[in-house]
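The values are calculated or read from the model by the stated rules, or taken from the named source; none is laboratory data. Not measured: the values here are computed from a predicted model. Here the Cβ positions follow ideal geometry from the backbone for every residue, glycine too, while neighbour counts run over all protein chains shown.
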Amino acid sequence: MTARGAAGRCPSSTWMGSRLLLVCLLVSRSVAEVSEHCSHMIGNGHLQILQQLIDSQMETACLIEYKFVDQEQLDDPVCYLKKAFVLVQVIIEETMRFKDNTPNANATERLQELSMKLNSCFIKDYKEQNEACVQTYKESPLRLLEKIKNFFNETKNFLEKDWNIFSKNCNDSFAKCSSRGSSIQDPQTSAFVFWVLGIILVLLAVGGLLFYSWKWRSHQDPRTLDSSVGRPEGSSLTQDEDRQVELPV
């Protein structure tokens, strides 16, 4: 009975053990594939594509408005890249637009494919605030592309050192931005506000000087106009004037 029972349990335990072993092998294989996948996801060819896009840009004074991470608020380099990743995807899909079937358009499509593949390497945080640590920038296309290239270059370096680095929880870092009252601001708008305040202060100063000058003249003019009021009766000047009036024609 005991031996038979033991014999009856052995196939089950053996089957379960082999099944668990198979699951462990599949999991370890998938983990190894993900690590290999993320470590070599971004190649030098992608960086060359971005450099070609930068080199092909026309020098212009036109500015592009886009949202990106404010590095002064988010100084953690890993959390900075995690936050920037979502924004980079939006920029590539919506902002970087070129004429169809052109080299730049084809290059942008390759970057879109790369950003989609990178989704498996970036673990999203559970309480990720969409607008935390974000600003609206107005910069040249050249400056925008340089930021995109720097993002992919820094991400590539981090993934080669530790493929799992972007699983870090950045909720605390994002919360710090929210606690500072982070809002989407335009740096040029802030400069314009300071410029207007400066003009207002100058106008107030000029107005004060004009008012003081007018006040001073208003005090001085009556003394000149009414200077004859203070002349004593019988003065020589008064008597001479009276004589001139009484002379016969």
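The table below lists the values:
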item	result
Pairs, first under 13 Å from residue 111 (Cβ atoms) in the range 76-97, second among the basic types (Lys, Arg), C-beta under 8 Å, six or more apart	90/67
Qualifying residue in the range 165-185 (condition: aromatic (Phe, Trp, Tyr), closer than 30 Å to residue 49 by Cβ and modelled with pLDDT of 75 or more)	yes
Filter pass, residue 48 being under 16 Å from residue 150 (Cβ atoms) and either charged (D, E, K, R) or part of a helix (DSSP H, G or I) (or both)	yes
Residue, surrounded by the fewest Cβ atoms within 10 Å (Cβ to Cβ), within the range 123-174, restricted to residues that are outside any helix (DSSP H, G or I) and among the aromatic types (Phe, Trp, Tyr)	126
Complete set of residues in the range 60-84 that are of a type in the set (A, V, I, L, M) and part of a helix (DSSP H, G or I)	78, 81, 84
Unmet criterion (only one of (1) under 30 Å from residue 170 (Cβ atoms); (2) in a helix (DSSP H, G or I); (3) free of Cβ contacts under 8 Å to residues at least 40 places away in the same chain) for residue 106	(1)
